[in-house]
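A quick write-up on the structure given underneath.
Computed from the coordinates by the stated procedures, all read-outs in this text should not be read as laboratory data. Fair warning: this is a prediction, and the values are worked out from it, not measured in the lab. Note that we place each Cβ from the backbone using ideal geometry, even for glycine, and neighbour counts take in every protein chain shown.
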Amino acid sequence: MFFRHRHLQYAAKPERPDPIFAKMLQEPLGGQWGEISVMMTYLFQGWNCRGPEKYRDMILDIGTEEIAHVEMLATMIARLLETSPVETQEAAAKNSAIGAIMGGARIEDALLAGMNPQHMIVSGLGAMPADSVGYPWVAKYTIASGNLLADFRFNVTAESQGRLQVARLYNMTDDKGVRDMLAFMIARDTMHQNQWLAAIAELEADGLDRTPVPMTFPREREDGRVSYQFWNCSEGEDSAAGRWAKGPAPDGQGQFEYLANPQPMSQDDGRLGPVDPRAYGTPKTPVPPIAAE
């Protein structure tokens with residue numbers, strides 16, 4: 001059961017309207033690495049969790065928190081769209097980062113290009129479940145595999161990408177109210193990155209999984225010849241200097257080997273057999289014309 005508190009988790013009050021930045025702020029809301037994505041990812045990871053209760057409870061704690069982040073961003077976007085006086089728009093256009101995006105166009109043309117017209121036409125000056133170029137949020141962004149170690153590693157990536165994008169947005173506005181909320185979100189992403197790294201370490205310490213994931217697949221069934229080989233598949237051998245090219249592998253079960261000139265391990269040339277004529281694909285040889293009936 002979910003209950004909503006009528007107060008936002010953190011304030012979402014801009015100093016002034018800014019329809020151009022409202023469009024940009026759609027990215028951390030409805031983009032691939034946005035708050036809707038992590039909210040859905042964590043909730044489904046929690047609902048599907050069959051591991052120890054401490055992990056399930058932790059995942060659902062953060063998943064529920066992310067609902068609040070979605071609300072904060074949606075509220076901020078709607079407030080940035082409430083009014084748009086010319087003076088405010090011109091001030092936004094003078095921002096160096098936004099000016100670079102606008103490419104030096106006239107202010108009228110830049111505003112037409114910079115503001116998302118769907119904010120007026122579709123959502124009535126409100127936020128939308130879409131990214132900064134209007135691409136709708138899709139459920140494919142939700143990652144919940146049932147394997148906690150695999151999922152927690154993805155979660156570190158999601159929080160890292162999210163924090164990166166919000167940090168960039170922080171530098172694209174001088175609105176103190178917007179920056180105040182973004183600073184809060186950046187700090188929560190700091191916590192969440194550390195949270196997932198701690199959870200990974202605890203999963204491994206609890207013996208629930210380890211590298212390589214999944215640990216329960218019989219190692220004798222994989223082709224052990226290539227399990228620890230690094231293949232140099234591009235020009236140059238600078239990659240040979242890395243930790244991944246020599247010494248013991250992190251899983252403690254093998255030694256890295258560097259192959260400077262890897263060769264094909266088969267004689268298979270990849271050629272396909274004849275096409276099924278019912279598929280009407282292109283055959284290998286010409287076909288006689290179809291006789292008229």
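Residues considered: R271, R153, R179. Largest GNM mean-square fluctuation over the chain, using C-alpha springs under 10 Å, is found at R271. Over all other residues within a Cβ to Cβ distance under 9 Å of Y258, the charged ones net out to -1, with Lys and Arg as +1 and Asp and Glu as -1.
Cross-link partners for K140 among the aspartates and glutamates, with Cα-Cα distance under 15 Å and sequence neighbours closer than 8 places in the same chain left out: E35, D131, D151. Look at the alpha carbon pairs under 8 Å that are at least 6 residues apart: their mean separation over the length of the chain gives a relative contact order of 19 percent.
When only Cα pairs under 8 Å and 6 or more residues apart are kept, what is the percent relative contact order across the stretch 171-293? Rounded, it is 15 percent for the stretch 171-293. The magnitude of the dipole of the stretch 153-293, with charges of +1 and -1 set on the Cβ of Lys/Arg and Asp/Glu and taken from the Cα centre, is near 160 debye.
Return one quarter of the surface area of the convex hull spanned by the alpha-carbon atoms of the stretch 219-259, equal to its mean projected area, in nm².
On the way: hull surface 12.2 nm².
Value for the stretch 219-259: 3.1 nm².
On the principal axes of its alpha carbon atoms, the chain extends 72, 69, 46 Å, with the longest extent given first.
Each of M191 and F2 was given a label point 7 Å from its Cα along the Cα-to-Cβ line. The distance between the two points is 1.9 nm. When Rg and Dmax are taken over the Cα atoms of the stretch 141-293, they come to 25.3, 78 Å. When the charge dipole of the chain is built from unit charges on Cβ atoms (+1 for Lys and Arg, -1 for Asp and Glu) and taken about the Cα centre, the candidate among M172, P250, M58 whose Cα reaches farthest toward its positive end is M58.
More than 18 Å apart: what percent of Cα pairs in the stretch 155-244 qualify? Distances greater than 18 Å cover 68 percent of the Cα pairs.
Taking a point 7 angstrom from the Cα of A260 along the C-beta vector, which residues in the stretch 221-252 have backbone N less than 18 Å away? Of the residues in the stretch 221-252, 229-247 have backbone N under 18 Å from the label point off A260.
Once both labels are positioned 7 Å from their Cα atoms along Cα-to-Cβ, the gap between V275 and E202 label points is 5.6 nm.
Placing unit charges on the Cβ atoms only, positive for Lys and Arg and negative for Asp and Glu, gives the chain a dipole magnitude near 260 debye about its Cα centre. Using a simple spin-label model with pseudo-atoms 7 Å out from Cα toward Cβ, E237 and Q118 lie 5.1 nm apart.
Computed extension length for D180-E53: 42.2 nm, one decimal, from 0.36 nm per residue of separation with the Cα-Cα distance subtracted.
Could you please state, rounded to a whole Å, how far the C-alpha centre of the stretch 32-72 is from the C-alpha centre of the stretch 129-205? Measuring centre to centre over Cα atoms gives 11 Å. Summing +1 for each Lys or Arg and -1 for each Asp or Glu among the other residues whose beta-carbon sits under 15 angstrom from that of Q195 gives -3.
Ignoring everything except DSSP H segments at least 4 long, calculate the 222 nm mean residue ellipticity for the chain; use -39,500 (n - 2.57) per segment, divide by total residues, nearest 500.
On the way: 9 runs with 134 residues, N = 293.
That comes out to -15000 deg cm²/dmol.
For the stretch 219-259, the relative contact order works out to 42 percent when only alpha carbon pairs closer than 8 Å and six or more residues apart are counted. The gain in end-to-end length when the Q267 to T64 segment is fully stretched comes to 67.8 nm, 0.36 nm per residue minus the alpha carbon separation.
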